[in-house]
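Presented below is the structure to which this report refers.
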Amino acid sequence: MNGLGFEGWMDRLVQASGYDGPVAVATTGIVPRQMAEAEEGEEDHDHDHHHGGTDPHAWQSLTNARIYVHNVLEALIAADSDDRPVFEANAAAYLKKIDALDARIRAEIASVPADRRKVVTSHDAFGYFAAAYGVGFLAPVGVSTEAEASAGDVAKLIDQIRAEKIPAVFMENISDPRLLDRIASETDAKIGGTLYSDALSPAGGPAATYLDMMDYNVRTLVAALRT
């Protein structure tokens, strides 16, 4: 399991199924990012997505992805020690791909002027990406893609986009785009494309694997921010 509160149903599933084997938590050792609390008096929009205030989207940083790989490797070895050499070889090969992509992402982001590294997304799922790569993300709804931003929330965000000259607004593959369309229509920000946060694309799509997703997202971000 991912952990960090992402699978709130997992404990109930384990108990109901009678499963008594090991449960590996892929985020063990990752420093969790806490979601910003709503300001006093603001309407509660379920911003914590039932994660208890902890951001579970740790995979949005390739530094964290290395920890995921280590944890998965240890769990596989514990379950099947005879195949340890295979698991270790596969992990080493995958870590090389992570390192190469991480270096490419940092170079791509560095090509964007620092004052243009600010975007709006419809789902606050990119906090770990922001911390790792120096891109500022604003979200009108917070972590929950099921929550609805109030008229006041949208108005404040539009004011902030105008004041900070946010260059681009991005949609996500799991979110209703109408909110972002409205924000973009009332500001100078452009719709920069679709980002993948909690889900991959279908097979054959632009984000069919985890590494493809990270690569696609950064290329989509940079293409919009450069223009």
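The values are calculated or read from the model by the stated rules, or taken from the named source; none is laboratory data. Note that this is a predicted model, so its numbers are computed, not measured. All Cβ positions, even for glycine, are placed from backbone atoms using ideal geometry, and neighbour counts span all protein chains on display. Heads up: the accessible areas ignore ligands, DNA and RNA and are worked out on the full protein's heavy atoms, side chains in. Shrake-Rupley method; radii C 1.70, N 1.55, O 1.52, S 1.80 Å.
Counting only residues that are within 20 Å of A130 (Cα to Cα), of a type outside the set (D, E) and in a loop (DSSP other than H, G, I, E, B), how many does the stretch 6-38 have?
Quick first cut of the stretch 6-38, residues within 20 Å of A130 (Cα to Cα) only: 6, 27, 29-38.
Still in the list and also of a type outside the set (D, E): 6, 27, 29-36, 38.
With the extra rule that they be in a loop (DSSP other than H, G, I, E, B), the set shrinks to 6, 27, 29-32, 35-36, 38.
Number of matching residues: 9.
For the structure I just gave you, tell me whether S201 is among the hydroxyl-bearing types (S, T, Y), touching an Asp or Glu at 6+ places or on another chain (Cβ under 6 Å) and either more than 19 Å from A139 (Cα to Cα) or not in a strand (DSSP E or B) (or both). Write out each step before concluding.
On the way: among the hydroxyl-bearing types (S, T, Y): yes; touching an Asp or Glu at 6+ places or on another chain (Cβ under 6 Å): no; either more than 19 Å from A139 (Cα to Cα) or not in a strand (DSSP E or B) (or both): yes.
Considered against the rule, which asks whether it is among the hydroxyl-bearing types (S, T, Y), touching an Asp or Glu at 6+ places or on another chain (Cβ under 6 Å) and either more than 19 Å from A139 (Cα to Cα) or not in a strand (DSSP E or B) (or both), S201 comes out as no.
Given the structure, is A151 open to solvent by 60 Å² or more (accessible area, probe 1.4 Å), of a type in the set (A, V, I, L, M, F, W, C) and either over 19 Å from the mean Cα position of the chain (by Cα) or at pLDDT below 90 (or both)? So that I can check it myself, show each step before the final result.
Details: open to solvent by 60 Å² or more (accessible area, probe 1.4 Å): yes; of a type in the set (A, V, I, L, M, F, W, C): yes; either over 19 Å from the mean Cα position of the chain (by Cα) or at pLDDT below 90 (or both): yes.
Answer is yes for this residue.
Can you tell me how many residues in the stretch 88-122 are assigned to a helix (DSSP H, G or I) and open to solvent by less than 40 Å² (accessible area, probe 1.4 Å)? Break it down into steps so the answer makes sense when it comes.
Taking the stretch 88-122 first, the residues assigned to a helix (DSSP H, G or I) are 88-110, 114-116.
When the remaining residues are screened for being open to solvent by less than 40 Å² (accessible area, probe 1.4 Å), the result is 91, 98, 101-102, 105, 109.
Selection size over the stretch 88-122: 6.
If you take the residues in the stretch 213-227 that are assigned to a helix (DSSP H, G or I) and open to solvent by 70 Å² or more (accessible area, probe 1.4 Å), which one is farthest from I161 (Cα to Cα)?
Applying the first criterion (assigned to a helix (DSSP H, G or I)) to the stretch 213-227 yields 213-226.
Of the ones still in play, those that are also open to solvent by 70 Å² or more (accessible area, probe 1.4 Å) are 219, 226.
Values: R219: 22, R226: 17 Å.
Ranking the candidates gives R219 first.
Filter the stretch 137-148 for residues that are open to solvent by less than 30 Å² (accessible area, probe 1.4 Å) and within 24 Å of I109 (Cα to Cα); which is modelled with the highest pLDDT?
That would be P140.
May I ask you to list the residues in the stretch 162-198 that are part of a strand (DSSP E or B) and crowded, with 16+ Cβ neighbours inside 10 Å? So that I can check it myself, show each step before the final result.
First, the residues of the stretch 162-198 that are part of a strand (DSSP E or B): 168-172, 190-195.
Across the stretch 162-198, the qualifying residues are A168, V169, F170, M171, E172, I191, G192, G193, T194, L195.
Give the residues of the stretch 199-210 that are open to solvent by 60 Å² or more (accessible area, probe 1.4 Å) and of a type in the set (S, T, Y), sorted by residue number.
The one that is open to solvent by 60 Å² or more (accessible area, probe 1.4 Å) and of a type in the set (S, T, Y): T209.
If the requirement is being in a loop (DSSP other than H, G, I, E, B), within 30 Å of I109 (Cα to Cα), touching an Asp or Glu at 6+ places or on another chain (Cβ under 9 Å) and modelled with pLDDT under 95, which of these qualifies: H47, H51?
Numbers: H51 fails: touching an Asp or Glu at 6+ places or on another chain (Cβ under 9 Å).
Result of the check over H47, H51: H47.
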